[in-house]
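*Asks:* Let me begin by handing over the structure; questions about it come next.
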Amino acid sequence: MTSTAQRTRPLAWALVGPTLALLVAFNVFPLVYNIASSFTNAELIGGEWRSVGGANYARVFEDELFAGALRRTALFVLCAVTLELLLGFALALSLQRGVPGKQAVLTVLLVPMMLSPAVMGLYWNLVLNGNYGVVNQALSGLGFDPPQWLTDRDLKFWSILLIDVWMWTPFMMLIALAGLNAIPASIYEAAQIDRARPWKVFTRITLPMCAPVLGLAVLFRATDALKQFDLVMAVTGPNDAATQTLSTLLYQVVFRDGSVGLGAAFSCVILVLVIALATVFTRYIDRLQSKDVLA
Amino acid sequence: MKWLRWFVVALYLVVATAPLVWMGLSSLKERADTISPHAKFLPTAEAPSDPTSPSFEATFEAYRELSVVHAGAQQSFWGHLGSSVLIGLVSTLASVALGTCCAYGFSRFRLPGAKDWLFFVLSTRFLPPLAVVVPVLIMYRTLDLQGTHVGLIVLYTVFNLSLAVWLMKGFLDEIPRAFEEAALVDGYTRGQAFVRVVLPEARTGMAVTAVFCLISSWNEYGFAMTLNSSGAVTVPAYFAGLQGNIEGMPWPQIAAGALVFVAPIVLFTVLVRENLLRGMTFGTIKQ
Amino acid sequence: MRTNSWTLSALLAIGLAACSGESSGENATLSTAANGTPSIKVWWFQWDPATGLQELGREFQAETGIAVEVQQIPLASYQEKVFLEFGGSRTNFDIVIGDSQWIGRGASGGLYVELTDWLPTVVDLATIHPRAAKYLCEYPEGSGRWYAAPCETDAVGLAYRKDWFEDPKEREAFKARYGRELAVPATYEEFRQVAEFFQRPDEKRYGCAMPSDRNYDGLTMGVQNLLWAFGGKWKDEGSNKVVGHLDTQGTADAIEFFKTLMKLGPKGCERLDYGQVLESFTNGSTAMILNYFAFFPGIQAQFGDKVGFAVVPSHEGRRVASLGGQGMSISAKIPKEQQELAKRFIAWFLKREVQERWITKPAGFTANAEILSSPAFRSKTPYNAPFADSVDAMRDFWNVPVFNKLLAATQRYVGMAVDGEMPTQEALQKLAAEKERILKEAGLL
């Protein structure tokens, strides 16, 4: 075994090498650049770098903006992913048992996740416009006092969240459906012979069998929600204190303010958080893939 | 139970598709009808005489006007679509190819530090693009890749690799090793066994991976708007750049463009739909 | 093992960094676009004056054979696009018609070519309106160092539905309700009254709209007309001190008043960009808008004699209009030959006879003081006269090199105050402290 392993090692490195090299080049140079510039007053345009010590980090930890963006992003990830999971799983369960025109329904349901969030964000501006938007026209037609979806200080964050849920519930549904399909029919047949009640079948078989794949879906969605940028940019712009997320704040700091050093310090703080999250994630995948779930 | 199920699906279907239907209707309108304070939802052949009527004159003008060059852009929608197609397709092919090879390496060989490398690969997926965009910008300025197709192709390939590697590893782990071992016994080399035995088995996985890579590079916005603001501009960055137009947003054309833009992805997804349903379990459910 | 992979990555990265460091110093060598006919690229944001400048450019080409292309970019993304270009080694434009606030950043960052010695050779500086010179062209203000040639002057003005104001039924109803004649508002109190009178959401008719967008500078430009009129300030007159000047009663009163106006417009009017303000007027639903004069030609064309124009209202005798307008600057990041071509165009543009043609274009608001005050200019369009009257009342926001940070902070905190997310006084105190921090960091305080 060892001898084969040694003989094939060059081939193995040839297979993984290009990918790893690309990833290193595109992630580690930025990392080093960010660390280096985070201790300076680097600006987007011109100017010599001058060391400012830990001043940028001090600001990241002191300024309410950064804490606010972190809090808001965490809330966004939590709420968006939970809603998407619940809705997606419910839909998958309903679809799996069969509905009329299942294939067509499925295809149509998947469309929102294929749309460009940047373009759809723009488009939702039209749909949710407080004055002539169709949603508010419908609501006032029904006799409600329509809310200001995009300008109300308490509401605009949740409007963006709802757009995200609309776009990404299909992703959860898709993965849940794949998980449900993968459960061997023989298990259900066994349960039927044992005359298990539907609720029991659901909690004892369906849920535990699907849990790992749903867990992965949640984690994949969470990583994307963590980067939320496109929708916020299109709906409220990067400088609105009520909707600033990590990415849009970074955009504001780096491209509008031009404070590259400060942005780099913030990036480094984000990176530490991200590595912590990624560690949890890989541990989880590791456990799932090594453990025989059926046992 | 059955009726409840159907009701859930039907209700969601209505809510989820309503914005799409509205977009379809908007794409058939004149601009004034899209922002009318009297919602227009009935397409008719002739313009209604009453301005408060819910009907509007349907026209394909917006689709024709996709070839108009708007303020702030140097090309029409079609030019930008060309950039998107080129960048999306090439980067997807590259990600899937590289990702499959890499996943195969990790799946079948014992490499020193494999766990650390895999961790590193995955961790790159968590990082917000905005956290690395300045160094990438500096790098691209130096290499003269700013505003080029190649620049975004390379970048999207790289940023889809983590997903590609992890998805493909799940699929490849599920293919029994016995297949290749039999091929090796038959006198195939490792490389031949990979190409002739493993790859055909991994088709499903590759299709699924391609869908996800394509969706993310097709729709990517953060890098596109910052790196390619003046050359090889992709469709999302192009549309976003129309914001603030003093003649007002060209809503019918945005609706039409968004529909045209999503069509290829829908088509591709329909083609590989069966694979999506079988494949997306990341190797977590063992048969 | 983990340490191993990280060391490896770090080594690679240092190598990469070294490479990039070496080559980025080479940005002095520039490529010349040598494709036959010489040409000049001008960037400006999207509005009627840019279309007029393009027409003049064609005349210039006919005379000299040098092609001029004016590219119009929506204002929402104009700043980012221009400064991303300046970050590179060569800009896509030869001449940038930069917003007035950019002058400090352009001048001190070495982005604009200094024109101090050259400009007097092509134009008599005394003919340039002093406010245009001060805000659009010189940096620091009044220093005599020129970084831009005057191109467009502009100020915020009032456009109103003349037909509604003249409607006898409306006049009667107004008089019955307020005990005075319905007239073009001269003060903000009157402005609010008229807006309140026309605010009829059930009829889809609204009182007023003004710039309030949070993306670039809309809200700041909308608020500052009131700010100065109500005795507020952005900063101390003689210095850059902010605390104790910005966070005062006058500023707070202005914002509180602004908030009441936000209730007298179409729904969602607390976030309108310049285009959307225009749209609320052109869709026939709004009685009065405050916006830059140079946006008005389209309105005039659409409404004809149903629209009237006036200077911005005043408060307790103070009338100040947000300055708009831009100077033409030459990019320092283009080859010398291109800079020479750009200078030829600017010199031509500043000639008296060309300036006289400039005012015939829609909203071609020259900075030539003599032409501005001439009867020919004043009577050219219905909005020219109120515009010319506004010029002496113009004031601008900060134009120091860190204006962009000051502007972003202003937009954010004033936005929070307007939305009611934070009490106005608190928002102003925080904004003042934030501005002083930014100014200290930049060595300006």
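The values are calculated or read from the model by the stated rules, or taken from the named source; none is laboratory data. Here the structure is a predicted model, which is why all the values come from computation and not from measurement. Ideal geometry is used to build each Cβ from the backbone, glycine not excepted, and the neighbour counts take in all protein chains shown.
*Asks:* In segment A:24-66, what residues are among the small types (Gly, Ala, Ser) and in a loop (DSSP other than H, G, I, E, B)? Before the answer, list the steps.
*Replies:* Our first condition is that a residue be among the small types (Gly, Ala, Ser); within segment A:24-66, this holds for A:25, A:36-38, A:42, A:46-47, A:51, A:53-55, A:58.
Once the filter is applied, which keeps residues that are among the small types (Gly, Ala, Ser) and in a loop (DSSP other than H, G, I, E, B), segment A:24-66 yields A:ALA42, A:GLY46, A:GLY47, A:GLY53, A:GLY54.
*Asks:* With (1) within 24 Å of the chain's Cα centre (by Cα); (2) of a type in the set (Phe, Trp, Tyr); (3) facing chain B (nearest Cβ under 9 Å) as the list, and A:TRP13 as the residue in question, which single condition is left unmet?
*Replies:* Result: A:TRP13 passes all but (1).
*Asks:* Still on this structure, I have one more. Can you name the residue in segment A:23-35 that is free of Cβ contacts under 8 Å to residues at least 40 places away in the same chain and surrounded by fewer than 21 Cβ atoms within 10 Å (Cβ to Cβ) and, of all such residues, is farthest from the other protein chains (Cβ to nearest Cβ)?
*Replies:* Result: A:ALA25.
*Asks:* Just for helices (runs of 4 or more DSSP H) wholly inside segment A:99-186: which have at least 2 residues that are within 14 Å of chain C (Cβ to nearest Cβ), in contact (Cβ under 8 Å) with a residue 60 or more places away in the chain and under 27 Å from A:ASP224 (Cα atoms)? Outline the logic, then answer.
*Replies:* Values: elements: A:102-114, A:117-127, A:134-141, A:156-182.
Helices (runs of 4 or more DSSP H) meeting the threshold: A:117-127, A:156-182.
*Asks:* Also, quick follow-up: Check B:ALA178, B:ALA224, B:ALA182 and return the single one that is closer than 30 Å to C:LEU84 by Cβ and part of a helix (DSSP H, G or I).
*Replies:* Details: B:ALA178 fails: closer than 30 Å to C:LEU84 by Cβ; B:ALA182 fails: closer than 30 Å to C:LEU84 by Cβ.
Every option except B:ALA224 fails the conditions.
*Asks:* Of (1) over 22 Å from C:LYS162 (Cα atoms); (2) without any contact (Cβ under 8 Å) to a residue 40 or more places away in the chain, C:GLY284 satisfies all except one. Which?
*Replies:* With respect to (1) over 22 Å from C:LYS162 (Cα atoms); (2) without any contact (Cβ under 8 Å) to a residue 40 or more places away in the chain, C:GLY284 is out only on (1).
*Asks:* Please go through segment B:16-58 and give me each residue that is of a type in the set (A, V, I, L, M) and within 11 Å of another protein chain (Cβ to nearest Cβ), ordered by number.
*Replies:* So in segment B:16-58, the residues of a type in the set (A, V, I, L, M) come out as B:16, B:18, B:20-21, B:23, B:25, B:28, B:32, B:35, B:39, B:42, B:45, B:47, B:58.
Across segment B:16-58, the qualifying residues are B:ALA16, B:ALA18, B:LEU20, B:VAL21, B:MET23, B:LEU25, B:ALA32, B:ILE35, B:ALA39.
*Asks:* Filter segment C:342-380 down to residues that are over 24 Å from C:ILE66 (Cβ atoms) and either touching a Phe, Trp or Tyr at 6+ places or on another chain (Cβ under 8 Å) or at pLDDT 95 or above (or both), then give me how many there are.
*Replies:* Result for segment C:342-380: 4.
*Asks:* Quick one: which of C:VAL418, C:VAL391 is among the β-branched types (Val, Ile, Thr), within 14 Å of chain A (Cβ to nearest Cβ) and in contact (Cβ under 8 Å) with a residue 40 or more places away in the chain? Reasoning before the result, please.
*Replies:* Numbers: C:VAL391 fails: within 14 Å of chain A (Cβ to nearest Cβ).
One residue alone meets the criteria, C:VAL418.
*Asks:* Moving to a separate point now. Regarding C:TYR178, is this residue touching a residue at least 24 places away in the same chain (Cβ under 8 Å) and under 17 Å from C:MET288 (Cβ atoms)? Give the steps one after another, and end with the answer.
*Replies:* Details: touching a residue at least 24 places away in the same chain (Cβ under 8 Å): no; under 17 Å from C:MET288 (Cβ atoms): yes.
No: the conditions fail for C:TYR178.
*Asks:* Take the conditions in contact with a helix residue (DSSP H, G or I) (Cβ under 6 Å, 6 or more places away or on another chain), assigned by TED's automatic domain parsing to the domain that holds C:ILE103, closer than 30 Å to A:ILE45 by Cα and not in a strand (DSSP E or B) and apply them to C:ALA342. Does it pass? Walk me through how you get there before you give the answer.
*Replies:* On the way: in contact with a helix residue (DSSP H, G or I) (Cβ under 6 Å, 6 or more places away or on another chain): no; assigned by TED's automatic domain parsing to the domain that holds C:ILE103: yes; closer than 30 Å to A:ILE45 by Cα: yes; not in a strand (DSSP E or B): yes.
Spelling it out, it is not the case that C:ALA342 is in contact with a helix residue (DSSP H, G or I) (Cβ under 6 Å, 6 or more places away or on another chain), assigned by TED's automatic domain parsing to the domain that holds C:ILE103, closer than 30 Å to A:ILE45 by Cα and not in a strand (DSSP E or B).
*Asks:* Moving on to the next point. Take the residues in segment B:158-199 that are without any contact (Cβ under 8 Å) to a residue 24 or more places away in the chain and among the basic types (Lys, Arg); name whichever of them is surrounded by the fewest Cβ atoms within 10 Å (Cβ to Cβ).
*Replies:* B:ARG196
*Asks:* Could you look through segment B:1-55, keep only residues that are assigned to a loop (DSSP other than H, G, I, E, B) and in contact with a Lys or Arg (Cβ under 7 Å, 6 or more places away or on another chain), and pick out the one that is surrounded by the most Cβ atoms within 10 Å (Cβ to Cβ)? Reasoning before the result, please.
*Replies:* At the first step, the residues of segment B:1-55 found to be assigned to a loop (DSSP other than H, G, I, E, B) are B:1, B:27-30, B:35-41, B:45-54.
Pick out the ones that are also in contact with a Lys or Arg (Cβ under 7 Å, 6 or more places away or on another chain) and you get B:29, B:37, B:40, B:54.
Details: B:LYS29: 23, B:PRO37: 14, B:LYS40: 25, B:PRO54: 13.
Ranking the qualifying residues of segment B:1-55, first place goes to B:LYS40.
*Asks:* Still on this structure, I have one more. Can you find a residue in segment C:302-312 that is touching a residue at least 40 places away in the same chain (Cβ under 8 Å) and under 30 Å from C:SER39 (Cα atoms)?
*Replies:* No; the residues of segment C:302-312 include none that is touching a residue at least 40 places away in the same chain (Cβ under 8 Å) and under 30 Å from C:SER39 (Cα atoms).
*Asks:* What do you reckon, is B:VAL121 within 26 Å of A:ALA12 (Cβ to Cβ), crowded, with 20+ Cβ neighbours inside 10 Å and either among the hydrophobic types (A, V, I, L, M, F, W, C) or under 18 Å from the mean Cα position of the chain (by Cα) (or both)? Reasoning before the result, please.
*Replies:* Values: within 26 Å of A:ALA12 (Cβ to Cβ): yes; crowded, with 20+ Cβ neighbours inside 10 Å: yes; either among the hydrophobic types (A, V, I, L, M, F, W, C) or under 18 Å from the mean Cα position of the chain (by Cα) (or both): yes.
It is true that B:VAL121 is within 26 Å of A:ALA12 (Cβ to Cβ), crowded, with 20+ Cβ neighbours inside 10 Å and either among the hydrophobic types (A, V, I, L, M, F, W, C) or under 18 Å from the mean Cα position of the chain (by Cα) (or both).
*Asks:* To continue, here is another question. C:THR220 fails exactly one of the following numbered conditions: (1) away from chain A (no Cβ under 14 Å); (2) among the hydroxyl-bearing types (Ser, Thr, Tyr); (3) farther than 29 Å from B:ALA32 by Cβ. What is the number of that condition?
*Replies:* All conditions are met except number (1).
*Asks:* Here are some residues: B:LYS2, B:LYS40. Which one is without any contact (Cβ under 8 Å) to a residue 40 or more places away in the chain and out of contact with any helix residue (DSSP H, G or I) (no Cβ under 9 Å at 6 or more places or on another chain)?
*Replies:* Details: B:LYS40 fails: out of contact with any helix residue (DSSP H, G or I) (no Cβ under 9 Å at 6 or more places or on another chain).
Only one candidate qualifies: B:LYS2.
*Asks:* What are the residues in segment C:183-238 that are among the β-branched types (Val, Ile, Thr) and crowded, with 24+ Cβ neighbours inside 10 Å, if any?
*Replies:* Of segment C:183-238, the ones among the β-branched types (Val, Ile, Thr) are C:184, C:187, C:194, C:220, C:223.
Once the filter is applied, which keeps residues that are among the β-branched types (Val, Ile, Thr) and crowded, with 24+ Cβ neighbours inside 10 Å, segment C:183-238 yields C:VAL194, C:THR220, C:VAL223.
*Asks:* Now for a different question. Can you work out which of the residues in segment C:84-117 that are out of contact with any Phe, Trp or Tyr (no Cβ under 8 Å at 6 or more places or on another chain) and part of a helix (DSSP H, G or I) is surrounded by the most Cβ atoms within 10 Å (Cβ to Cβ)?
*Replies:* Pass one, segment C:84-117, residues out of contact with any Phe, Trp or Tyr (no Cβ under 8 Å at 6 or more places or on another chain): C:86-91, C:94, C:110, C:117.
When the remaining residues are screened for being part of a helix (DSSP H, G or I), the result is C:86-87.
Working: C:PHE86: 24, C:GLY87: 22.
Across segment C:84-117, the extreme among qualifying residues is C:PHE86.
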